[in-house]
Amino acid sequence: MATHQLIEKIAVIKEANPGNLMARHFDAAYFLSLDEHARQSLAEIIASGVENPDSQMGAYAMNPGDYDQFATMLDPMIRDSHGIAAGTAISQQHDWDTGGTRCDLAAIDERLRDVSMRVRVARNVATFPLPGAMSKEQRVAFERVAARAFAKLAEDPAFGGTYLSITPGSPNEIDAGEYERRVEAHQMFKDMSADPYLNAAGISGDWPHGRGMYVSLKEDLLVWVGEEDHLRIMAMQRGGNLSILFERLRSGLETLTNLLPPFATSPTYGNVTSCPTNLGAGMRASLHMKLPGLTSNGTDLTRLKKAAQDLGLAVRGAGGEHSGAGTGGRVDISPSARLGVTEAQIMRRLYEGAATLWAMEQTANPTPP
Ligand code: ADP
Ligand code: MG
């Protein structure tokens with residue numbers, strides 16, 4: 001697209017889609033001040049928001065250095081998205097102190113003893129471009145680096161497990177049936193080539209080459225390879241004890257970090273991620289809960305979203321981002337903040353927010369006597 005066409009298109013998006021942060025913060029004068037090479041790089045970073053006007057962020061970094069090189073545009077977007085005022089220093093502290101077993105939902109209500117809990121962190125290694133700019137060879141080469149680390153991780157009895165690849169011809173390749181089963185079990189990521197946001201950013205390029213998932217013996221520690229970030233490392237289990245869940249991720253992450261090349265980090269933004277929404281802790285901690293009263297049996301999320309927002313929580317459908325509520329009003333709730341909050345704060349926010357929503361649910365949908 002010619003430069004003037006791009007500038008005009010973004011102006012139209014800004015009018016029609018005020019929620020698109022890329023369009024909101026795009027400054028034509030800044031864009032035109034860049035040399036041709038830098039302009040091309042920035043055009044790739046914002047391509048997803050240009051092709052998908054309904055994007056919330058509308059930009060994905062292609063290289064870890066983009067956050068510094070294009071800070072003039074990206075920093076205001078990051079601040080807008082994370083609610084950090086201009087002029088306020090951004091500081092990303094890390095603190096995983098989960099406080100023993102204190103965050104146990106079962107202590108609030110016995111019925112919360114068996115919810116589905118998941119906490120993931122996004123990580124990218126510093127030695128490869130981010131997924132949007134990787135070549136097919138780089139995707140496959142990174143998968144080999146990761147697979148070697150998983151082979152070592154599997155030797156540790158605390159983890160065990162195996163690496164499952166969907167790269168055609170990989171020695172670890174699984175068949176289509178097993179891939180589908182793992183997707184349905186909410187373990188494996190969906191076919192990214194069906195996602196217009198990721199397609200426009202180049203993140204789903206060369207699908208399914210260089211993609212796969214490590215799964216621990218107990219299936220409670222999972223690592224995605226080649227999704228939106230190089231790695232999505234997660235703990236997932238049924239239960240109500242968030243402290244135990246977090247401790248599982250903390251120890252898995254620590255062990256794996258020592259087996260991999262160094263991760264890309266920024267002195268300002270903490271962990272570097274493709275999508276600016278994930279910067280910082282890079283963490284999304286979620287609960288799948290049934291809230292039929294607050295969602296009119298899963299048909300209308302408006303009331304729940306409003307209540308959740310006031311608690312610093314976001315609501316997704318039970319099938320992940322951009323999906324609707326599941327049967328019985330099953331939804332995904334998670335703290336929205338990732339940048340400028342510690343891991344322990346994220347956990348407490350989820351625990352306390354879930355407790356409040358659960359109390360609201362009881363009055364919205366009283367159990368018959
Ligand atoms: P993220 O972007 O944080 O990795 P997504 O919204 O893309 O998460 O969802 C990825 C997958 O994880 C989906 O299958 C979703 O249903 C599943 N998932 C998310 N949270 C939970 C949870 N608490 N319990 C079970 N599955 C979950
Ligand atoms: Mg996702």
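FYI, it's all coordinate maths here, none of it is from the lab. Computed from a predicted model, the values in this text were never measured in an experiment. For neighbour counting, all protein chains shown are included, and Cβ atoms are generated from backbone atoms with ideal geometry for every residue, glycine included.
Assorted remarks:
- Partner lysines whose Cα lies under 23 Å from the Cα of Lys218, excluding those fewer than 8 positions away in the same chain, are identified as Lys152, Lys190.
- Among Val215, Val115, Val225, the residue with the largest mean-square fluctuation in a Gaussian network model of the chain, with springs joining Cα atoms closer than 10 Å, is Val115.
- Computed from phi, the 3J(HN,Hα) profile of segment 317-323 under the Karplus parametrisation 6.51, -1.76, 1.60 (θ = phi - 60°) reads x, 5, x, x, 3, 6, 10 Hz, with x in place of Gly and Pro.
- Taking a sphere under 11 Å around the Cβ of Gln237 and counting the other residues whose Cβ falls inside, with K and R at +1 and D and E at -1, yields a net charge of +1.
- At the listed q of 0.09, 0.13, 0.14 Å⁻¹, the Debye profile of the chain, built from one uniform point per Cα, gives log10 I(q)/I(0) equal to -0.52, -1.11, -1.27.
- Subtracting the Cα-Cα distance of Ala194 and Thr265 from 0.36 nm times their residue separation leaves 22.6 nm of extension gain.
- Of the trypsin sites (Lys or Arg not before Pro) found in segment 70-167, those in coil by DSSP whose Cβ has at most 16 other Cβ atoms within 10 Å are Arg102.
- Cα-based Kirkwood hydrodynamic radius, segment 3-82, one decimal, Å: 12.4
- Kyte-Doolittle mean at least 0.0 and Cα axial length at least 15 Å: DSSP H helices in the chain: 3-16, 242-257
- Kirkwood hydrodynamic radius over Cα pairs of segment 222-329, then Stokes diffusion coefficient at 20 °C and 1.002 mPa s, in µm²/s: 133
- Fully extended contour minus Cα-Cα distance, from Arg144 to Ala126, at 0.36 nm per residue: 4.9 nm
- For segment 201-211, Karplus couplings with θ = phi - 60° (6.51, -1.76, 1.60), whole Hz, Gly/Pro x: 8, x, 5, 8, x, 6, 3, x, 5, x, 10
- Long-range HN-HN contacts of Arg330 with modeled amide H, under 5 Å: Leu291
- You can think of it this way: the chain between Asn297 and Val12 has 98.8 nm of extra reach, that is 0.36 nm per residue less the Cα-Cα gap.
- Here's the list of aspartates and glutamates a cross-link from Lys290 could span, going by alpha-carbon distance under 16 Å and ignoring same-chain residues fewer than 8 apart: Asp109, Glu110, Asp114, Asp300, Asp332, Glu361.
- Å³ per residue enclosed by the Cα convex hull of segment 1-146: 201
- Summing charges over all other residues whose Cβ lies under 15 Å from the Cβ of Val183, with Lys and Arg as +1 and Asp and Glu as -1, gives -3.
- Projecting label points 7 angstrom from Cα along Cα→Cβ for Leu32 and Gln362 puts them 6.2 nm apart.
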